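A short reminder: the numbers here are calculations on the coordinates, not readings from a lab. Worth saying up front: this structure is predicted, and the values here are computed from it rather than measured. Quick reminder, even Gly has a Cβ in these numbers, built from the backbone with ideal geometry, and neighbours come from all protein chains shown.
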């Protein structure tokens, strides 16, 4: 009997610090509450901290807890580096390299134990994960559906349109956009970014998450599995 690989949702930012981990973790909590057997995967992380002699990726911890702590934290994020730089640069400071093969191999255990896998990239969609490998490259290699997360602040229109257009030119059509307010600033553009983006972009805006948004405010995330092409 051939095991069918579960669908994958790849959460990619328009930039760093846009609320990507927060959104992906909320999505995991919503999916878990729906009874979905969930996998979570952070292929590589930098900017990690040390606890009891072990490098810990905060993003991976957030995803793991939100998904109900499936399998192990090590399997959520198998490659971790300390410096707060792009992963290949952070690895180089430790006289190491990001293992390109492990980026794809690391998800196999989740494919065997999950009905849906949430994958969180590192940085923006066109940020490097390893030498000659960008987030968008990995999303394609994993055959994952891309969700674009943008910070709902001044500049979101350009960042979102540029990310979606760049993705399309690489043969990737994101299945949706989620706006997130990561700072709670009194930015007046929060009220109009969604409408402006929709005027110029064919990728649907799935919803917006306010600062410190709750699961209740993120119930629209229940529809995420429906966005995946069968």
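When you count, for each residue, the other Cβ atoms within 10 Å and take the mean per peptide, how do 51-63, 124-136, 6-18 rank with the highest first?
Packing order, densest peptide first, comes out as 6-18, 124-136, 51-63.
Show that you can apply the helix-only estimate: for the chain, add -39,500 (n - 2.57) for every DSSP H stretch of four or more residues, divide by all residues, and state [θ] at 222 nm to the nearest 500.
Roughly -9000 deg cm²/dmol at 222 nm, from the helical runs in the chain.
Taking each pair of different alpha-carbon atoms in region 89-203 once, compute 1/r for the pair, average those values, and report the inverse of that mean as the Kirkwood hydrodynamic radius in Å to one decimal.
About 15.9 Å, per the Kirkwood formula over Cα pairs.
Determine the relative contact order of region 14-165: mean sequence separation of Cα pairs under 8 Å and six or more apart, normalised by residue count, in whole percent.
Dividing the mean separation by the residue count of region 14-165 yields 32 percent.
With no solvent and one equal point scatterer per Cα, compute the Debye intensity ratio I(q)/I(0) for region 1-100 at 0.17, 0.24 Å⁻¹ and report its log10, rounded to two decimals.
-0.82, -1.34
How much of the DSSP beta bridge set in the chain is antiparallel, as a percent to the nearest 5?
Of all bridge pairs located within the chain, approximately 15 percent are antiparallel.
Given region 108-230, what percent of its DSSP beta bridges are antiparallel, to the nearest 5?
Counting DSSP beta bridges with both partners in region 108-230, the antiparallel share is about 20 percent.
Among 123, 207, 101, which one shows the biggest mean-square fluctuation in a GNM of the chain, springs joining Cα atoms closer than 10 Å?
101
Percent of alpha carbon pairs in region 162-207 separated by more than 18 Å?
Of all Cα-Cα pairs in region 162-207, 35 percent lie more than 18 Å apart.
What's the exposure ranking of 72, 194, going from fewest to most Cβ atoms within 10 Å?
Sorted ascending by nearby Cβ count, the order is 72, 194.
Return the label of the correct value of percent of Cα pairs over 31 Å apart, as calculated from the structure shown, out of (i) 29; (ii) 24; (iii) 16.
(iii)
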